[in-house]
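The values are calculated or read from the model by the stated rules, or taken from the named source; none is laboratory data. Please read all numbers here as calculations on a predicted model, not as lab measurements. For neighbour counting, all protein chains shown are included, and Cβ atoms are generated from backbone atoms with ideal geometry for every residue, glycine included. Side chains are part of the model used for accessible areas, which takes the heavy atoms of the whole protein and leaves out ligands, DNA and RNA. Shrake-Rupley method; radii C 1.70, N 1.55, O 1.52, S 1.80 Å.
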Amino acid sequence: MPDVNWSTASATASATALAALAGPVDAALGGDRRALARLISLVENDPSAAPAVLARIHPLTGRARIIGVTGPPGVGKSTIVDGLTARFRAAGQNVGIVAVDPTSPFTGGALLGDRVRMQRWTTDRGVFIRSLATRGHLGGVSGATGDAIRLLDAVGFQVILVETVGAGQSEVEIMDIAHTVLVVLSPGVGDDVQAQKAGILEIADLLVVNKSDLPDAGRLAVQLETMLDLAPVPPPWRPPVLKVSAIDAETLSELVQACDRHFQWLKGEGRLAARLARRTGHELSTLIGRLASAEVVRAAELSGAWDKALEDVTSRRADFYQVALRLLREAGLGSRE
Ligand SMILES: Nc1nc2c(ncn2[C@@H]2O[C@H](COP(=O)(O)OP(=O)(O)OP(=O)(O)O)[C@@H](O)[C@H]2O)c(=O)[nH]1
Ligand SMILES: [Mg+2]
């Protein structure tokens, strides 16, 4: 049995669910931060609640500017997020922060650092910080994160900063949501640049060499430039390599300017629309996959075909593809033999 609450995993927002969530959603839209926090938990932990929430907030989304910050553990992503937050606040903008699967809980020191850094925002109503532990959750990483970001967008956060660790497939998915992606590295962590090359090139709009107050930052920056030079086809946007020290206000201002330049470039010649279309297609196909899978398994369970399907595969009577295609056909989806 898959670990899913099938009784509520309905593909559409039922009238009852809509009515039950109308109050909390309206409260969040009205500025109630606790209601917002509870709604984010709800979409994170119970994907079946998401349709009702999304039905209500979708028209209000699409206004926020989303900046992704990713990179290996400990390179200074949170410090940069904090510095950027200060700058956007100084410019009068509200900032929502989403930390996806933060490594900090496993590295006590960093968690303390995060707490201290974030403390200064606790009395600022223009900042909302949220951690999401989404890895391995039903619906995949992008589902819950995307919905949390949409909630922050709907309630009026003008800038949303998303921090994730690493440059793997999950980060690529999450970062697809962002307008501008900062890949952060720091001296010492740069040694595995080669290993991460593919991921970095795929997602970086800006390459940030943080901790440039430490030795070897220059060498890492040169390595990254060389890596960019080697690209077989010059990309339409070559990610600038920026030497930053998250604790140096001057370099952070340069980082904000670089983010702005990228955003302006993106807005030109239909690029933003193209990125939006790509991202929407990606999210939609992922969602269809998730919902269709839930429906197919539910139908098979109801008809008793699920147990037989498992038995066929485990006894080697049929392979995964044959059984999956059979179940899809039985659910009225797909026609291939
Ligand atoms: N010297 C120096 N230290 C920095 C700089 N930026 C961050 N640090 C320190 O690096 C450590 C890690 O910083 P974080 O911002 O927590 O790094 P992170 O990438 O968010 O870490 P995780 O979320 O745990 O992956 C902290 O002790 C920071 O104070 C910098 O520019 N220079
Ligand atoms: Mg962090």
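Using a Förster distance of 22 angstrom, determine the FRET efficiency expected from the C-beta separation of THR122 and ILE247, and round it to 0.05. Walk me through the intermediate numbers first.
On the way: r = 21 Å, r/R0 = 0.96.
About 0.55, to the nearest 0.05.
With just the Cα atoms defining each centre, how far is segment 29-69 from segment 275-327? Give it in Å.
27 Å
What distance in nm separates the simple spin-label points at HIS282 and GLU202, each placed 7 Å from Cα in the Cβ direction?
0.9 nm
So, with +1 on the Cβ of K and R and -1 on the Cβ of D and E, and no other charges, what is the size of the charge dipole of segment 276-318 about its Cα centre, to the nearest 20 debye?
240 debye
Roll a 1.4 angstrom probe over the protein heavy atoms and tell me the percent of accessible area of segment 12-58 that is carbon or sulfur.
Ligands and nucleic acids excluded, carbon and sulfur give 59 percent.
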